[in-house]
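What follows is a single structure, written as structure tokens, with notes after it.
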Amino acid sequence: MGLLMRVKMFAFLIRRFFGLVFVLILISVVSFSLVYFVPGDVALVIAGPGSSKKAVEDIRAELHLDKPFYVRYSLWLRSILSGDLGRSAITREPISQLIGFRYLNTLKLAGAGVTFAIFWGIFLGLVASIKRNSILDYGTMALSIFGISMPIFWIGLMLIFIFAVQLRWLPVTGQGGIRHLILPAITIGLNSIALIARITRASMLEVLGKDYIRTARAKGCTFPMVIFKHALKNAMIPIITAIGLQFGYLMGGAVLTETVFAWPGVGRLFADSVFQRDFPVLQILMLLLAASFAIVNVLVDISYSFLDPRIKYE
Amino acid sequence: MKLWKFLFVLILFPGVLMLDDPSAALAQSKPRQGGVLRFALGVPITHLTMGKSEASDAGTIKRAIFETLIERDMQGNYLPSLAKSWNVSPNGLTWTFKLQEGVTFHDGHELSAEDVKASYGRMLDPKYELPLSRVLKVISSVDIVDKYTVRINTGKPTADMLPRLSWSHAAIMSKLAIDKWGADIDWHPVGTGPYRFEGHVPGESVTLVRYEKYWRRDQKGPYLDKIVFSTIREDATRVAMVQAGEADVVVNLPTADVARLSRDPNVNVRSDPSSRVAHIGINCQKAPFNDVRVRQALNYAVDKKSLIAGVLRGVGKPSNSFISPIVWGYHGVDQYEYDPAKAKRLLSEAGYSKGFTATLATPQGRYFADKETAVAVQDMLSQVGLDVKVSVIDWATYIKKLTTPLDSNDTELYLLGWEVGTGDIGYINDLVFTSAAWPPNGWNTMFYKNKAVDDLIARTSNIMDNKKRYEAVSELQRLVVNDAPWIFLFVYQMTAASSKKVHGLEFLPTEVYTIENVWVEK
């Protein structure tokens, strides 16, 4: 790349970075304040029924509930930036320990789910676009609609019932290898297949109608080369966008899958913390998940410029 | 062709290759040493210490780790445990216990009177503010007489002293641990029980391992090498696990699955009476509920049998007292047969022939079929002309609402389930039915006040003679049932499913399973 391009790319990345920081700050304010909109006295709810006045007051002091909002927020932000994520209000455990391995577990799950969804989604979409308006087209689209219509919960339980209980091919719960990841990944990925398939199909159909495809065929390119080297690569932008958005959805939708498979991830931690009113954990989790989503989308953004050189670093 | 058929069958039915092991039948009669027991619980374990509220599942774990001075058997007799003998002074104020000698804690030191004094001292220490300590508040002081003799003094003669001391929270903790950890002792349980705490993953699992030096190891357990308690929130997943052989014991079965699991040849399903009574509490100070005729009408209007058959699918028994039949002191009062006509009559006598509106508050997911029960009761009350609205409230807010002091409490009807931790009626008398227990000082969330009941409760707690005490508490139950501060619904049944390979699992009325005699086949 020429020097000008390099400078432009650097400026582009810097701009993106600051944009991300701004979004993160916004997210942190929202995450921090949302938990205070619940009914009931926060301190009493966290302390639990039958707790003494002193225990309630201790919690009130620890979470600085008597101080004005901006003071609470800046105290919170300051401790996070210095690495102290605080403690769970229920178990008193350091939140960094609570979240650490769970975040990785959810990433594993979401990653496996997305991989499963990308493979089958693009495959089905490709098949549908190549054999447009044929049985294959309608069939694969119907299959993907099935995937998106079935509730995740039901899919998970049905998979468990068939493959774990009846056939005993796969385990119900637990981690430690591909075997434990298969059913949860299918459960979480099934919903996304439909979206990826449809977008792949639509995007491919648009690209396949273009002149340069006809030129490539006329030039003598083999069929696979046309599809993969010429068509798919150009169709990827909407597909990548969808995948990026789906990844965020998966991180969130992991709650149901993690509950059904007792997968120790942040999705379940999130649900549990909501029920138990563990506000400190909720604040950190919301920040973490929203930040993950924001980062993934920035990466998707940056990837456009690699996929389509026409997109300049404006 | 024969070969192909054989292979075909083999591929489709791999089970064909599993021939019966003839030694299996022999093995069942003798407990096998070793193995791992896997429990699947529905709630996370938040602590393993005494004095704090917990889900009943945590009680099962603590029972394997800790022991009490005395223990109660299924027939209600009190047997020696850490105390080998005891006596009470003629005036009923001093209980002297002689401890077993040579009992060691998991941290190695020998059990002595110091540990007993430290354990009860901690429960009653105001600086720890343990919510359940009120059950042991009958203890005024603990004296160390010598290494193996301890004296427990009570302010007044306490009729249910033994039940209170056999209560799971009256277990003896290690003095060394209490001194070392103070308020942070939640996850450092050091007891004398057959299994010791090895570790936990917060919110996910708790692991116990065999305690080699358990003082009773010659008489019974521990047989298992390890016990793992995993938290699996989703009911259906727990059921799938026990069917797939991934869990050995699963508790709190969804009613819909009980019948199906009973048909599974690999699984044993058991159903045991709990000490928990489901009821609708009535705010006795709020019109129209301050009229006893109205409260009685509500009781006549509920068809308990259909409620149990329809909502609980048969898993439960109708309640005719405020305690369950397995609690000491139980005296059934069959006053409220389903009679909607009588209900309507009582209502119009009280001046409500046109009925009235009311709100029934209920949690969802805290008790078995809680919301469903509330909705069923709503329907039954509508049959006698009452317009009842069901309000589902999340548990944390619910508790706050119920325990708000009277002047700002707008609760009318609420669903709740009381279990009796000590197995003796004294526990719930003090906690719920005396007028001194109106919130915020206790759990009399019905704001019920009856001087005759107050007097009777005060009297019965000091009657040491079992027969006389039983007469008095029977009278108490007649009074309270007639006064109807509750709509008495049903007694819960605890359900559990275990793999056929598990032997020796027992259930206590405090909704706790005993593991000390459990062994698993290979």
The number of residues in segment B:96-131 that are without any contact (Cβ under 8 Å) to a residue 40 or more places away in the chain, at positive phi and of a type in the set (Gly, Ala, Ser) is 1
Across (1) at pLDDT 85 or above; (2) facing chain B (nearest Cβ under 10 Å); (3) within 26 Å of the chain's Cα centre (by Cα); (4) surrounded by 15 or more Cβ atoms within 10 Å (Cβ to Cβ), residue A:97 clears everything bar (4)
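Got a sec? Which of B:374, B:309 is more than 14 Å from chain A (Cβ to nearest Cβ), closer than 21 Å to residue B:253 by Cα, out of contact with any helix residue (DSSP H, G or I) (no Cβ under 9 Å at 6 or more places or on another chain) and buried (at least 18 other Cβ atoms within 10 Å of the Cβ)?
Matching residue, one of B:374, B:309: B:374.
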With the structure loaded, tell me whether residue A:73 is in contact (Cβ under 8 Å) with a residue 40 or more places away in the chain and either of a type in the set (Phe, Trp, Tyr) or within 18 Å of residue A:271 (Cα to Cα) (or both) or whether it fails that test. yes
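Of A:254, A:235, A:262, A:231, which residue is under 15 Å from residue A:117 (Cα atoms), buried (at least 20 other Cβ atoms within 10 Å of the Cβ), assigned by TED's automatic domain parsing to the domain that holds residue A:201 and of a type in the set (Gly, Ala, Ser)? Don't jump to the end; show me each part of the working.
On the way: A:235 fails: under 15 Å from residue A:117 (Cα atoms); A:262 fails: under 15 Å from residue A:117 (Cα atoms); A:231 fails: under 15 Å from residue A:117 (Cα atoms).
Exactly one of A:254, A:235, A:262, A:231 is under 15 Å from residue A:117 (Cα atoms), buried (at least 20 other Cβ atoms within 10 Å of the Cβ), assigned by TED's automatic domain parsing to the domain that holds residue A:201 and of a type in the set (Gly, Ala, Ser), namely A:254.
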Taking segment A:171-184 and keeping only residues that are facing chain B (nearest Cβ under 9 Å) and either in contact with a Lys or Arg (Cβ under 8 Å, 6 or more places away or on another chain) or closer than 16 Å to residue A:108 by Cβ (or both), one is left with A:171, A:173, A:174
Exactly one of A:157, A:208, A:167 is at the interface with chain B (Cβ under 10 Å from one of its Cβ atoms), farther than 27 Å from residue A:251 by Cα and aliphatic (A, V, I, L, M), and that residue is A:167
When segment B:188-210 is checked residue by residue, the ones that are within 14 Å of chain A (Cβ to nearest Cβ) and either farther than 16 Å from residue B:225 by Cβ or under 22 Å from the mean Cα position of the chain (by Cα) (or both) are B:188, B:200, B:201, B:202, B:203, B:204, B:205, B:206
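State which residue is nearest to residue A:258 (Cα to Cα) when the search covers only segment B:224-241 and only residues that are more than 14 Å from chain A (Cβ to nearest Cβ) and buried (at least 22 other Cβ atoms within 10 Å of the Cβ).
Applying the first criterion (more than 14 Å from chain A (Cβ to nearest Cβ)) to segment B:224-241 yields B:224-227.
Filter once more, keeping what is buried (at least 22 other Cβ atoms within 10 Å of the Cβ): B:224, B:227.
Details: B:224: 30, B:227: 24 Å.
Out of the qualifying residues, it is B:227.
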Over segment B:390-410, the set of residues within 13 Å of another protein chain (Cβ to nearest Cβ), of a type in the set (D, E, K, R) and in a helix (DSSP H, G or I) is B:400, B:401
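So that you can scan it fast, the table gives a plain yes or no per residue for (1) touching a Ser or Thr at 6+ places or on another chain (Cβ under 8 Å); (2) not hydrophobic (A, V, I, L, M, F, W, C):
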| position | (1), (2) |
| --- | --- |
| B:380 | no, no |
| B:386 | yes, no |
| B:393 | yes, no |
| B:403 | yes, yes |
| B:409 | no, yes |
| B:419 | yes, yes |
From the option list A:186, A:182, single residue qualifying as among the aliphatic types (A, V, I, L, M), without any contact (Cβ under 8 Å) to a residue 24 or more places away in the chain and closer than 30 Å to residue A:235 by Cα is A:182
Within segment B:121-171, residues out of contact with any strand residue (DSSP E or B) (no Cβ under 9 Å at 6 or more places or on another chain), farther than 22 Å from residue B:92 by Cβ and away from chain A (no Cβ under 14 Å) come out as B:122, B:146, B:171
Sole miss for residue B:37 among (1) aliphatic (A, V, I, L, M); (2) closer than 22 Å to residue B:130 by Cβ; (3) modelled with pLDDT of 90 or more is condition (2)
Scanning segment B:117-174 for residues that are within 23 Å of residue B:437 (Cβ to Cβ), of a type in the set (Phe, Trp, Tyr) and more than 22 Å from the chain's Cα centre (by Cα) gives B:128
Within segment B:97-111, the count of residues that are surrounded by fewer than 17 Cβ atoms within 10 Å (Cβ to Cβ) and of a type in the set (S, T, N, Q) comes to 1
Condition set in contact (Cβ under 8 Å) with a residue 40 or more places away in the chain and in a helix (DSSP H, G or I), scope segment B:346-371, selection surrounded by the most Cβ atoms within 10 Å (Cβ to Cβ): answer is B:347
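The values are calculated or read from the model by the stated rules, or taken from the named source; none is laboratory data. Everything numeric in this text was worked out from a predicted model, so none of it was measured. A quick note on method: Cβ atoms are made from the backbone with ideal geometry, for glycine too, and the neighbour counts reach across all protein chains shown.
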